[in-house]
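Asker: Quick one: structure below, then a few questions.
The values are calculated or read from the model by the stated rules, or taken from the named source; none is laboratory data. Since the structure is predicted, the reported quantities are computational estimates derived from the model, not experimental observations. Using ideal geometry, Cβ is built from the backbone for each residue, glycine included, and neighbour counts are taken over all protein chains shown.
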Amino acid sequence: MKNETNTEQICPKCGQYYVAPPALSRTDNKTLICSDCGIREAYESIGFNHEEQDMILSTIRTKQNAYSCHQITKYYNAPV
Ligand SMILES: [Zn+2]
């Protein structure tokens, strides 16, 4: 897709800036949205409420941060 880049974009759904590759909105199947909104739409479609979506997103971010720390530690060969 032409607009799928890692440049800074504004999500039309939540209005936040994002740089990660966009997600395709499930509502119209053509609007590019941030990955958080993409995850929310996916979980909303299977019945998770907003609070459950927040919990899932929080867990994903924690795991991503842990992975990033692991990679940095591995790179510098030093304990965290
Ligand atoms: Zn968004």
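Asker: Consider only pairs whose beta carbons are under 8 Å apart and that are at least six residues apart or on different chains; among these, list those whose first residue lies in segment 55-80 and is within 30 Å of Tyr43 (Cβ to Cβ) and whose second residue is at pLDDT 80 or above.
Answerer: Between residues of segment 55-80 that are within 30 Å of Tyr43 (Cβ to Cβ) and residues that are at pLDDT 80 or above, the close pairs are Ile56/Ile39; Ile56/Tyr43; Ile56/Phe48; Leu57/Asp36; Leu57/Ile39; Leu57/Arg40; Ile60/Ile39.
Asker: Hey, can you tell me all the residues within segment 16-33 that are within 9 Å of the ligand (Cβ to nearest atom) and part of a strand (DSSP E or B)?
Answerer: Across segment 16-33, the qualifying residues are Tyr18, Ala23, Ile33.
Asker: Check whether at least one residue in segment 68-78 is surrounded by 10 or more Cβ atoms within 10 Å (Cβ to Cβ), under 17 Å from the mean Cα position of the chain (by Cα) and at pLDDT 80 or above, and report yes or no.
Answerer: No, every residue in segment 68-78 fails to be surrounded by 10 or more Cβ atoms within 10 Å (Cβ to Cβ), under 17 Å from the mean Cα position of the chain (by Cα) and at pLDDT 80 or above.
Asker: Just one of (1) modelled with pLDDT under 95; (2) basic (Lys, Arg); (3) within 16 Å of the ligand (Cβ to nearest atom) trips up Lys13, so point out which.
Answerer: (1)
Asker: Return the residues of segment 34-59 that are within 13 Å of the ligand (Cβ to nearest atom) and assigned to a loop (DSSP other than H, G, I, E, B); say none if nothing qualifies.
Answerer: Cys34
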